[in-house]
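FYI, it's all coordinate maths here, none of it is from the lab. Not measured: the values here are computed from a predicted model. Methodologically, a virtual Cβ is constructed for each residue, glycine included, from the backbone with ideal geometry; neighbour enumeration extends over all protein chains shown.
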Protein chains: 2
Amino acid sequence: METRKISQAVIRRLPRYYRYLGELLEDGVERISSNDLSKRMKLTASQIRQDLNNFGGFGQQGYGYNVKYLHTEIGKILGLENKHNFIIVGAGNLGQALANYSHFENQGFILKGIFDVNPTLRGMSIRDVPVRMMSEMKDFIKENNIEIAVLTIPKECAIDVAKDLVDAGIQAIWNFAHVDLNVPDNVIVESVHLSESLMRLSYNISRYNEDHADK
Amino acid sequence: METRKISQAVIRRLPRYYRYLGELLEDGVERISSNDLSKRMKLTASQIRQDLNNFGGFGQQGYGYNVKYLHTEIGKILGLENKHNFIIVGAGNLGQALANYSHFENQGFILKGIFDVNPTLRGMSIRDVPVRMMSEMKDFIKENNIEIAVLTIPKECAIDVAKDLVDAGIQAIWNFAHVDLNVPDNVIVESVHLSESLMRLSYNISRYNEDHADK
């Protein structure tokens, strides 16, 4: 599909469109107007029309959007029609939680391996995927066409392990370590900094309490 | 502290400033110029000066910023000088991972309870906090001054449980369920939608591959 340069703000909203359209599909809804979608998503209808116009616009005036078509097309834009092999690096609680999340597989993300430094975890499997030792990681990436590594290890080791991942030719890192990774431009990093999210929550509680103490 | 209306973009960056300043403190750095901080954080120096000016500006021309002072002041702005009691709702893998993350406690977030519907989890404890049954949740919130609930349950139950949390007087919800919550304006919601983050990663892989296929 031909796409122009799309703003990061629109891209950030696409997964949310995908999720809402998926829910509509599950509910058996075939068509939806930008007005009805706007009520559900709490975006303005004009914002929705503007966003979806970025992709050539799938709506027909007066008929609304074809939910299934739009869901499929946004899925394509998000790259979800392709399979992506991934590994999890760090078999602690968070690594195990992500390994158990079978929903990722429905979206084309296939868990191929789990790695840890802890030898007591050797022999453990999660959803039939065995935990392997970190020393095997680089070869495994090269031999199994691994595109994505999920980093769920402490920040102290994350930077070194990221270097190993880059050396092994990884294409993307989904980073849960509490540190920013310095990787070459051709490696994609998406970070989830849970502590920062919790701090935003804390900030909003403080502001709310302050506002109400003033009154 | 007197603060004017601060833009959401600045607020989103504050936890990251807090993290970098914390690292500098750990490394024994006492003062830092906006130029040096800009190199580390990959923001422009003028962006940094502009951001920090929102809080009255802690820098002195030619002397740089006092790292400890700035770290403390940003911590105050983020509400981290207050203790926040929280519960985790959903003792699955993700709930357990978050319950085990002791780092939150250093930032003032105190885990008081864990709740689940699964009776086989009764009697289990994580870091000395017992798993309780969901039927006890509302009373527990009221009796233990709980401010924050962390929702790590499937989306099918999240909306109903969010209603119970609101009824019990919860102030904020840290939502990991894959659904947007409709709560009254006085309840703060911060959502972590992991699937959406993974889709952004997938999108960036697709765009990268497309760009390089063109050449």
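Go over the candidates A:Leu37, A:Leu94 one by one and state the one that is within 19 Å of the chain's Cα centre (by Cα), surrounded by 20 or more Cβ atoms within 10 Å (Cβ to Cβ) and touching a residue at least 24 places away in the same chain (Cβ under 8 Å).
Every option except A:Leu94 fails the conditions.
What is the one condition in (1) surrounded by fewer than 14 Cβ atoms within 10 Å (Cβ to Cβ); (2) outside any loop (DSSP other than H, G, I, E, B); (3) away from chain A (no Cβ under 14 Å) that B:Glu105 does not satisfy?
Exception for B:Glu105: condition (3).
Residue under question is B:Ala99, and the condition is that it be facing another protein chain (nearest Cβ under 9 Å) and among the aliphatic types (A, V, I, L, M); does it hold?
Yes; evaluated as a whole, the condition is true for this residue.
In the range B:127-146, how many residues are within 14 Å of another protein chain (Cβ to nearest Cβ) and surrounded by fewer than 19 Cβ atoms within 10 Å (Cβ to Cβ)?
Residues meeting the conditions: 2.
Across the range A:152-191, what is the total count of residues that are of a type in the set (A, V, I, L, M), surrounded by fewer than 20 Cβ atoms within 10 Å (Cβ to Cβ) and closer than 16 Å to B:Ser202 by Cα?
Final tally of qualifying residues: 2.
Which residues, taken from the range B:149-208, are touching a Ser or Thr at 6+ places or on another chain (Cβ under 9 Å) and among the basic types (Lys, Arg)?
Correct list: B:Arg207 only.
Considering only the range A:135-165, state which residues are among the aliphatic types (A, V, I, L, M) and closer than 21 Å to B:Asn93 by Cβ.
Passing the criteria: A:Ile148, A:Ala149, A:Val150, A:Leu151, A:Ile153, A:Ala158.
Looking only at the range A:192-210, count every residue that is surrounded by fewer than 16 Cβ atoms within 10 Å (Cβ to Cβ) and either touching a residue at least 12 places away in the same chain (Cβ under 8 Å) or more than 17 Å from B:Val189 (Cα to Cα) (or both) and tell me the total.
1
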